[in-house]
Amino acid sequence: MSNKYYISTAIAYTSGKPHIGNTYEIVLADAIARYKRLCGYDVYFQTGTDEHGEKIEQKAADNNLTPQEYVDNVSKEIKNIWDVMETSYDKFVRTTDKKHQKIVQDIFKKLYDQGDIYKGEYKGLYCTPCESFWTPTQAVNNICPDCGREVYETTEEAYFLRLSKYQDRLIDYINSHPDFITPESRKNEMLNNFLLPGLQDLCVSRTSFKWGIPVTFDDKHVIYVWLDALSNYITNIGYDVVKPSETFQKLWPADLHLVGKDIIRFHTIYWPIILMALNLELPKTVFGHPWLLFGNDKMSKSKGNIMYADDLVAKYGVDAIRYYVLHEIPYASDGSITEELIVSRTNADLANVLGNLVNRTISMAWKYFDGYIYKSKSNDDLDQELIECVESLEKKVHQKMEEIKVGDALDEIFVCLRRCNKYIDETTPWTLYKEQKEERLKEVLYNLLESIRVCTVLLQPFINSTCQKIFLQLNTNDQDLSSIKTFGKLEDKHRLNKPEVLFVRHEI
Ligand code: MSP
């Protein structure tokens, strides 16, 4: 059986620099991808940029650039932020890529030839920033239900995708595949708000602007940006309307499409219907993650509350920011970010719990045994409690990661790290030293160091750079899951490297 795992993020709009909210998604995907790799999966992790549409055409003009120049700049900026966040994507795709454009054109033509796309006329309320048409019931008082801006009445000759034809099949599919849409609340929202009331056919071309992929057989039209963007998930892994490649056969269907809650509708209604029309399997899971808010507010330029990942990383370090966003956004409800919150979370968890534990323990090993550690047999109840906490950790983390509850997985690891700190307070190694209880002191330090190693193995997907620093201080290559199956992998008479501070405390 293949153990491939294909995970994707939404592709980010190149309308401007992404804020920390958009950046959250790539970090979340990265943590999942790294975790799956740790578990031995052959992971393919895809991300990239969504580069067409009217808004981008306008932005380019405002900046006196061609659209291509404009998206080249922004796409580079986005990729740079993904790199600053140390995300381990395998492929960064761009919708202006020639090969992608050609396949999207082929997809459009195929769907037209088989009657799933037809030509008609669109009359409706159009939201330019969202590039979406709305019905009067959706756009109450001429306000776009997605972004809250004004919509305008427009009539356009357009091509349409026959959603209605696939609607019942999709409802059946959703009902018979409980893992397809998560969380459950999103699934109910899709069924009750969109599918059960009945779908209107989707307008899939535009004539009002030029910056898009042309329809080959009707060059007045460009392909609707969502049809173009959604196809990225297959065009970049070797899909072809005539003969999909072997890579495609291996990777498709995707195991997880990670997207924000605002675009779950596109991924669980339009995208599955496009795939059904192409006679392809549907992705196994679409997870609509919650949002990161500034305090309780949506981040926006007009409110002046936008935070950027690269600025935050320059100030607090990459792992503080990775940890913050991964820990602070629950599975199903929005999370919040402010600098005060970042500082208090970093101080409380990373500096006081993790950093302090590692530093104290390694310093003691140097102070008492010149950096050597000794394995000894222990039967103490306190030891057993600590060891049980550490030995059961992998299973607990695994369970949370399977449920995509990444913040909860981190919490489990920190329960163990706190347990280790408590163990220091309970065993008071400095007293053991004073009282010359050398055997017991060796035992205590060994238990602590091995517990730190196990926690570090499991922390790698989330804060990898820090983990590499800890492994260096522990002077160990035992970093994979097989090394934590049983407690006690660190060798007797092993020598550590010198301690170094992992996190500095910040003032608010
Ligand atoms: N280009 C489309 C996606 C096409 S996928 C075929 C798009 N781009 S986006 O740049 O606006 O958003 C990228 C991702 O960031 C989306 O999944 C979106 O939900 C997510 N987020 C945008 N703001 C966010 C927060 N404040 N918090 C968390 N995620 C946020 O949509």
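The values are calculated or read from the model by the stated rules, or taken from the named source; none is laboratory data. Note that the coordinates shown come from a computational prediction; the quantities given were computed from them, not determined experimentally. Reconstructed Cβ throughout: ideal geometry from the backbone, glycine too, with neighbour counts over all protein chains shown. Ligands, DNA and RNA are stripped out before the accessible areas are found, and what is left, the full protein with its side chains, is counted by its heavy atoms. Shrake-Rupley method; radii C 1.70, N 1.55, O 1.52, S 1.80 Å.
Using packing as a proxy for protection, rank 99-105, 427-433 so that the peptide with the highest average count of other Cβ atoms within 10 Å comes first.
Details: 99-105: 18.4, 427-433: 16.1.
Packing proxy ranking, top to bottom: 99-105, 427-433.
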Amide H of TYR6: which non-local residues (sequence gap of 5 or more, or other chain) have their own amide H closer than 5 Å, using H built in the peptide plane? TYR44, ASP255, LEU256
Which of rounded, prolate or oblate describes the range 333-406 when judged by the alpha-carbon gyration tensor and an a/c cut-off of 1.5? oblate
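Averaged over every viewing direction, what's the projected area of the C-alpha convex hull for the range 242-293? Give it in nm², one decimal, please. Intermediate values should be presented prior to the final figure.
Values: hull surface 16.4 nm².
The number I arrive at for the range 242-293 is 4.1 nm².
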Using each residue's phi in the range 76-82, evaluate 6.51 cos²θ - 1.76 cosθ + 1.60 at θ = phi - 60° and report the 3J(HN,Hα) Karplus result to the nearest Hz, with x for Gly and Pro. 5, 5, 5, 4, 4, 5, 4
Across 5 Å bins from 0, what is the distribution of all Cα-Cα pair distances for the range 297-369, in whole percents? 3, 13, 20, 20, 16, 10, 7, 5, 3, 2, 1, 0
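With the radius of gyration and the Kirkwood radius both derived from the Cα set of the range 338-495, what is their ratio Rg to Rh?
Numbers: Rg = 15.4 Å, Rh = 16.0 Å.
Ratio of gyration radius to Kirkwood radius: 0.96.
Would you mind getting me the FRET efficiency between GLU69 and GLN468? Use the beta-carbon distance for r and R0 = 25 Å, nearest 0.05.
Working: r = 38 Å, r/R0 = 1.53.
After rounding to 0.05, the efficiency reads 0.05.
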Averaged across orientations, what area in nm² does the convex hull of the alpha carbons in the range 57-152 project? 9.5
Give me the angle, in degrees from 0 to 90, between the Cα long axis of helix 381-391 and the longest principal axis of the Cα atoms of the chain, rounded to the nearest 10. 30
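Can you work out the accessible area per residue across the chain, with the rest of the protein chains kept in place, probe 1.4 Å, in square angstrom?
Solvent-accessible surface per residue comes out at 43 Å².
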What are the ³J(HN,Hα) couplings of the range 93-110, residue after residue, when phi is run through the Karplus curve with 6.51, -1.76, 1.60 and θ = phi - 60°? Round to Hz, x for glycine and proline. 9, 9, 6, 8, 4, 4, 5, 4, 4, 5, 5, 4, 4, 5, 4, 4, 5, 4
Count the lysine pairs in the range 204-347 whose Cα atoms sit under 25 Å apart, keeping only pairs 8 or more residues apart in sequence or on different chains. 10
HN-Hα J couplings of the range 477-492 from phi, Karplus 6.51/-1.76/1.60, θ = phi - 60°, integer Hz, Gly and Pro as x? 9, 7, 10, 9, 5, 5, 7, 10, 5, 10, 5, x, 6, 4, 7, 5
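Over the range 99-144, with every protein chain in place, what whole percent of the accessible area is carbon and sulfur at 1.4 Å, could you tell me? Walk me through the numbers before you get to the answer.
Values: 1110 of 2210 Å².
That fraction is 50 percent.
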With every atom except the alpha carbons ignored, what do you get for Rg and Dmax of the chain, in angstroms? 26.2, 89
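Could you tell me what % of all Cα pairs in the range 292-426 have separations over 18 Å?
Of all Cα-Cα pairs in the range 292-426, 66 percent lie more than 18 Å apart.
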For the chain, what is the relative contact order in percent, using Cα pairs closer than 8 Å and at least 6 residues apart in sequence? 16
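Counting only protein heavy atoms and using a 1.4 Å probe, what share of the accessible area of the range 338-495 belongs to carbon plus sulfur, as a whole percent? Intermediate values should be presented prior to the final figure.
Working: 3140 of 6900 Å².
Roughly 46 percent of what the probe reaches on the range 338-495 is carbon or sulfur.
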At a Förster radius of 25 Å, what calculated FRET efficiency corresponds to the Cβ-Cβ distance of TYR173 and ARG37, to the nearest 0.05? 0.25
